[in-house]
Amino acid sequence: MAALTHDNPIIQEAYAELQRFYADDETREKIREVRRFVRDYEIGMGASRADGLAEGKAEGKVDFLILFLTRRFGSVSQEVQDKLRSIKDVERLDCLAEFAFGCDSLEEFTASM
């Protein structure tokens with residue numbers, strides 16, 4: 001680092017200021033707290049993003065199921081739509097979609113939910 005600071009007075013000044021920060025225990029601890037906060041925030045945002053993607057995927061599958069059932073059997077009651085929208089498990093929705101292709105009636109489908 002000394003080689004980099006040798007030719008540039010701005011970098012020399014910034015490096016000296018950084019050294020002063022790290023020399024002070026209280027400031028060093030504050031820097032660590034900020035770094036932990038930023039790390040935890042980024043981890044939390046990543047988890048939220050993943051949750052949002054999964055929720056969006058489930059909503060898309062529900063919309064498809066309602067459309068498919070409507071085209072195949074006619075009107076789908078609000079009660080059945082609400083029950084489908086309450087399902088958040090994507091794998092369960094996939095199973096229901098497969099079943100919807102082979103079942104003989106809307107009543108048979110709703111009984112499987």
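The values are calculated or read from the model by the stated rules, or taken from the named source; none is laboratory data. Bear in mind the structure is a predicted one, so any value in this text is a computation, not a measurement. Note that we place each Cβ from the backbone using ideal geometry, even for glycine, and neighbour counts take in every protein chain shown.
T5 passes every criterion in (1) under 30 Å from M113 (Cα atoms); (2) surrounded by 13 or more Cβ atoms within 10 Å (Cβ to Cβ); (3) modelled with pLDDT under 80; (4) not acidic (D, E) apart from (1).
Looking at the stretch 34-54, can you tell me whether even one residue there is of a type outside the set (G, A, S) and under 30 Å from S112 (Cα atoms)? Yes - at least one qualifying residue is present in the stretch 34-54.
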